[in-house]
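Below: one structure, written as structure tokens.
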Amino acid sequence: MKLIEVDEVRVFMKNLFWAETFDKFCVADIDIKTLISYSINGKVNAGWLDDVAKEAYAEEEFVYWRDIRQVIFSLIKGENTPELLRIQFVSHDSAGGSRGLRIQFEDGNLSVMSTYTPREFSLDKTAERLWDENVENFIKKIISTQSP
């Protein structure tokens, strides 16, 4: 697990909402606090999907960011920034481990936390360290880019 404080909030948020940077990530849940609070479960409701969409989501339990990012942006846009925006991205690696990426904007501060849970308990932390490094490099790349 690695916590990264992001100082370049505007650059990061442009990449989150206006670029395809996070589009391949799946969203487990989202919490938003503005005038009212929203709690969004990202689990796909397969019964609502048509056959084409069912095929696109055949391998995924959670919705892709690309399919909901404009909806989420519409919930937070306005003159005031949200008091809280927390997005939990999740994916699985080839060994069955669960990789997470939590983005949290609260009280004007932005942080990103990487998490990794192996399929089975192991003292070997190689996969976790590799995920942490990949996330750190990914964030560095995002904030070094001035426009998405």
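The values are calculated or read from the model by the stated rules, or taken from the named source; none is laboratory data. Note that the structure is a prediction, hence the values are computed from the model and not measured. Cβ: placed from backbone, ideal geometry, glycine included. Neighbour counts: every protein chain shown. Surface accessibility is based on the protein's heavy atoms, side chains included, excluding ligands, DNA and RNA. Shrake-Rupley method; radii C 1.70, N 1.55, O 1.52, S 1.80 Å.
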message: Taking the criterion of being in a strand (DSSP E or B), farther than 19 Å from K141 by Cα and hydrophobic (A, V, I, L, M, F, W, C), would at least one residue in the range 92-103 satisfy it?
response: no
Unique match (being on the phi > 0 side of the Ramachandran plot, out of contact with any Gly (no Cβ under 6 Å at 6 or more places or on another chain) and open to solvent by less than 90 Å² (accessible area, probe 1.4 Å)) among G100, G78: G78
- prompt: Say we look at the range 103-148 and pick out the residues that are in contact with a Phe, Trp or Tyr (Cβ under 7 Å, 6 or more places away or on another chain) and of a type in the set (G, A, S); which of these is surrounded by the most Cβ atoms within 10 Å (Cβ to Cβ)?
  reply: S114
task: Report yes if some residue within the range 132-143 is touching a residue at least 12 places away in the same chain (Cβ under 8 Å), more than 12 Å from the chain's Cα centre (by Cα) and not in a helix (DSSP H, G or I); otherwise report no.
output: no
statement: Note: among T81, T115, just one is touching a residue at least 24 places away in the same chain (Cβ under 8 Å), part of a loop (DSSP other than H, G, I, E, B), closer than 25 Å to I4 by Cα and hydroxyl-bearing (S, T, Y), namely T81
query: Do any strands (runs of 3 or more DSSP E) lying entirely in the range 1-69 carry at least 2 residues that are open to solvent by 30 Å² or more (accessible area, probe 1.4 Å) and more than 24 Å from F138 (Cα to Cα), and which ones are they?
result: 37-41
query: In this structure, is Q88 part of a helix (DSSP H, G or I), of a type outside the set (A, V, I, L, M, F, W, C), farther than 20 Å from N137 by Cβ and modelled with pLDDT of 95 or more?
result: no
- line: Within the range 21-38, the residues that are charged (D, E, K, R) and at pLDDT below 95 are D23, K24
